[in-house]
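Below: one structure, written as structure tokens.
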Amino acid sequence: MLLGFDTATRATAVALWAPDGLTREARDDPPSGTRPRHTSRLMPLIIELFEETQIGWRDIEAIAVGIGPGTFTGLRIGIATARALARARGLPLVGISTLESLALGGIDAAAGGSVDDLALPHIDAVTPVIDARRGEVFAAAFSPDLTRLFEPCAVAPQTLGERLSALGSNVLAVGDGAVEFRGVLEGSGALVAESLSEINRVTAINHCRLANGRPTSPPDEIQPEYLRLPDAEIARRAANSP
């Protein structure tokens, strides 16, 4: 049994997953314009799942935690919580790229041929896109077998659009960044599902699926994938520049 969670985006997503088919997820998706609630919701969501399934810590073999990229504060909360739980319970950790997890959901949707209002032909690539604020996105690209086509990066949406144009005629973009910058990405030829589509949400279930069978790590070896400086540091440097 795996416990997975992610706090890289505004959402707090928690899941219990086992290879034999038991799958449960609990999540908190703050309304638009409100602040993330990782600190107040992460542990209660974990407890809620344990109570709902009657699963206990004795049943958990490892913890899969999202390592980003994402918000600086969100990643600190999620990874610090994972480390603390791992130490307290003697559990190993598996760090999961939030972008790779998003891509897995897109690949599953593409395999089904359609999602919501979007007909999906053969897909050359899936590009997970997370809104990084400050006019940038966190993004990567994966082939349908989850091979990375380009590494995670923090770029302007226009730059991402140029990269997507070179990937093929059928590129599926998923995530809140794909929704936010739909016009730019669709202008590059990418396909973007409707805003409320499930494939645009980070799910901890996919974290667990990816972690299954992967090497585990001691708590201190799990590090966040920030990709850029924290907003506070960017602002400080801008203020001190001539």
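State which residue is farthest from ASN200 (Cα to Cα) when the search covers only segment 7-43 and only residues that are of a type in the set (D, E, K, R) and in a strand (DSSP E or B).
Keep residues of segment 7-43 that are of a type in the set (D, E, K, R), which gives 10, 20, 24-25, 27-29, 35, 37, 41.
Keeping just the survivors that are in a strand (DSSP E or B) gives 24-25, 27-28.
Values: ARG24: 19, GLU25: 16, ARG27: 14, ASP28: 15 Å.
Looking at residues that are of a type in the set (D, E, K, R) and in a strand (DSSP E or B), I get ARG24.
What residue, of ARG163, ARG148, is among the basic types (Lys, Arg), surrounded by 17 or more Cβ atoms within 10 Å (Cβ to Cβ) and not assigned by TED's automatic domain parsing to the domain that holds PHE72?
Details: ARG148 fails: surrounded by 17 or more Cβ atoms within 10 Å (Cβ to Cβ).
Exactly one residue qualifies, and that residue is ARG163.
Filter segment 129-147 down to residues that are within 19 Å of GLY177 (Cβ to Cβ) and of a type in the set (D, E, K, R) and give me whichever is farthest from the chain's Cα centre (by Cα). Show your work before the answer.
At the first step, the residues of segment 129-147 found to be within 19 Å of GLY177 (Cβ to Cβ) are 129-142.
Next, from what is left, pick out any that are of a type in the set (D, E, K, R): 131, 133-134, 136.
Numbers: ASP131: 11, ARG133: 16, ARG134: 19, GLU136: 16 Å.
In this case the residue turns out to be ARG134.
Inside segment 108-119, can you point out the residues that are more than 17 Å from VAL179 (Cα to Cα) and surrounded by 17 or more Cβ atoms within 10 Å (Cβ to Cβ)?
Within segment 108-119, ALA110 is the sole residue that qualifies.
What do you reckon, is VAL137 surrounded by fewer than 24 Cβ atoms within 10 Å (Cβ to Cβ), modelled with pLDDT of 95 or more and β-branched (Val, Ile, Thr)?
no
Determine if segment 14-30 includes at least one residue that is farther than 25 Å from THR216 by Cβ and without any contact (Cβ under 8 Å) to a residue 24 or more places away in the chain. Steps first, answer last, please.
Just the residues of segment 14-30 that are farther than 25 Å from THR216 by Cβ, to begin with: 28-30.
Checking the rest, the ones that are also without any contact (Cβ under 8 Å) to a residue 24 or more places away in the chain come to 28, 30.
So far as segment 14-30 goes, yes, one or more of its residues are farther than 25 Å from THR216 by Cβ and without any contact (Cβ under 8 Å) to a residue 24 or more places away in the chain.
Under 7 Å between Cβ atoms, at least 6 apart or on separate chains: pull out the pairs that start in segment 79-103 with a residue that is under 30 Å from ALA193 (Cα atoms) and end on any residue that is part of a helix (DSSP H, G or I) and not β-branched (Val, Ile, Thr).
Short answer, once both residue conditions are applied: VAL94/ALA211; ILE96/HIS207; ILE96/LEU210; ILE96/ALA211; GLU100/LEU210; SER101/ASN206; SER101/HIS207; SER101/LEU210.
Could you list, in sequence order, all residues of segment 108-166 that are in contact (Cβ under 8 Å) with a residue 24 or more places away in the chain, among the β-branched types (Val, Ile, Thr) and more than 17 Å from PRO69 (Cβ to Cβ)?
Of everything in segment 108-166, those that are in contact (Cβ under 8 Å) with a residue 24 or more places away in the chain, among the β-branched types (Val, Ile, Thr) and more than 17 Å from PRO69 (Cβ to Cβ) turn out to be VAL115, ILE123.
Residues checked against (1) outside the structural domain of MET43 (by TED's automatic domain parsing); (2) within 17 Å of the chain's Cα centre (by Cα); (3) buried (at least 22 other Cβ atoms within 10 Å of the Cβ); (4) in a loop (DSSP other than H, G, I, E, B):
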{"residue": "GLY70", "(1), (2), (3), (4)": "no, yes, yes, yes"}
{"residue": "ARG76", "(1), (2), (3), (4)": "no, yes, no, no"}
{"residue": "ALA82", "(1), (2), (3), (4)": "no, yes, yes, no"}
{"residue": "ALA103", "(1), (2), (3), (4)": "yes, yes, yes, no"}
{"residue": "HIS122", "(1), (2), (3), (4)": "yes, no, no, yes"}
{"residue": "THR127", "(1), (2), (3), (4)": "yes, yes, yes, no"}
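The values are calculated or read from the model by the stated rules, or taken from the named source; none is laboratory data. Because the structure is a prediction, the values reported are computed rather than measured. Note that we place each Cβ from the backbone using ideal geometry, even for glycine, and neighbour counts take in every protein chain shown.
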